[in-house]
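The structure under discussion appears below in the form of structure tokens.
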Amino acid sequence: MGPMPRVLIVDDDAELCRLTGEFLAKHGFTVASAGNGVQMDRAIAEDRPDIIVLDLMMPGEDGLSICRRIAGSGVPVIMLSAVGEETDRIVGLEIGADDYLAKPCNPRELLARVRAVLRRAEGASAKQPDEPGAAAKEGYGFEGWRLDMLKRELRAPDGVLVNLSGGEFALLRAFLEHPQRVLTRDQLLDYARGRDSFSYDRAIDVQVSRLRKKLELGPGSTELIKTVRSEGYIFTVPVRRL
């Protein structure tokens, strides 16, 4: 039996941290808490978490700022906020959150989301031998880009490292395994490590938008991901296995 996954709760509400932490601990997690960004940085330095549950509204550095600066660190983030409008969810996802829950949330739903995000992160970093595309053990190349599957690194044609969130990595892998064919949202949900890859269908659009921006090289460059109206998305260029 492996070590228990470590959850770091970042919220200035000490009582909520305590109650949520106790609930998660009862379900097999090691839990730490932090009341602000400074405490979070210290906690990460001491013992890197497997996932962060981050409150949006905090004094000092708010959750959006924190999420933006740790995006690409490889630690998935679930954002919590009393603001439950869809636009706020999209903003959270756009800046790097892997999931979003409105407060107050049911602890069991949070538990389910934590497990789902961790499953996705594990799936993105370790493909099973019988999965499609498993032959590409080292990575993929396309239009001068290189995706290293072992290191989970994406490099632009000029060699610059492009940071990807767990969701973006899973989505790009799905496109590279099925290039030059139209993929529906449902197919992307399934290919990107199953139905728990994204919390709701609209998140696919947000993740595609984020990934598309990271693959842009400026005016005149090839549009790698195109929207096919009423159908889905297509990765437009040939892909080779490395």
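The values are calculated or read from the model by the stated rules, or taken from the named source; none is laboratory data. Since this is a predicted model, take the numbers as computed values, not measurements. Cβ: placed from backbone, ideal geometry, glycine included. Neighbour counts: every protein chain shown. Remember, those area values only see protein heavy atoms, side chains included, never the ligands or the DNA or RNA. Shrake-Rupley method; radii C 1.70, N 1.55, O 1.52, S 1.80 Å.
Here are the numbers:
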item	result
Cross-chain or 6+ apart pairs with Cβ under 6 Å, region 95-106 first and of a type in the set (Lys, Arg), then modelled with pLDDT under 85 and surrounded by fewer than 24 Cβ atoms within 10 Å (Cβ to Cβ)	LYS103/ALA82
Residues of region 28-86 satisfying the condition of being assigned to a helix (DSSP H, G or I), touching a residue at least 24 places away in the same chain (Cβ under 8 Å) and among the aliphatic types (A, V, I, L, M)	MET40, ALA43, ILE44, LEU64, ILE66, ILE70
Some residue of region 203-215 being in a helix (DSSP H, G or I), of a type in the set (Ser, Thr, Tyr) and modelled with pLDDT of 85 or more	yes
Test set (1) within 22 Å of the chain's Cα centre (by Cα); (2) surrounded by fewer than 16 Cβ atoms within 10 Å (Cβ to Cβ) - VAL7 fails condition number	(2)
Of residues in region 225-242 being of a type in the set (Ser, Thr, Tyr) and either touching a Gly at 6+ places or on another chain (Cβ under 7 Å) or not in a loop (DSSP other than H, G, I, E, B) (or both), the one most open to solvent (accessible area, probe 1.4 Å)	THR227
Residue selected from region 38-74 under the condition of a type in the set (A, V, I, L, M, F, W, C) and open to solvent by 80 Å² or more (accessible area, probe 1.4 Å), by the criterion modelled with the lowest pLDDT	MET57
From THR184, THR222, residue being in contact with a Gly (Cβ under 9 Å, 6 or more places away or on another chain), modelled with pLDDT under 90, β-branched (Val, Ile, Thr) and surrounded by fewer than 18 Cβ atoms within 10 Å (Cβ to Cβ)	THR184
Where ARG6 falls short, out of the listed (1) in contact with an Asp or Glu (Cβ under 6 Å, 6 or more places away or on another chain); (2) over 21 Å from ARG119 (Cα atoms); (3) at pLDDT 90 or above	(2)
Condition broken by HIS27, with the remaining ones in (1) closer than 27 Å to VAL91 by Cβ; (2) open to solvent by 50 Å² or more (accessible area, probe 1.4 Å) satisfied	(1)
Filtered residue count, region 141-173, keeping only those that are of a type in the set (A, V, I, L, M, F, W, C), within 17 Å of ARG240 (Cα to Cα), more than 14 Å from the chain's Cα centre (by Cα) and open to solvent by less than 50 Å² (accessible area, probe 1.4 Å)	6
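Yes/no per residue for (1) closer than 22 Å to ARG210 by Cα; (2) modelled with pLDDT under 65; (3) touching a His at 6+ places or on another chain (Cβ under 8 Å):
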{"position": "GLU86", "(1), (2), (3)": "yes, yes, no"}
{"position": "GLY92", "(1), (2), (3)": "yes, no, no"}
{"position": "ASP99", "(1), (2), (3)": "yes, no, no"}
{"position": "ALA134", "(1), (2), (3)": "no, yes, no"}
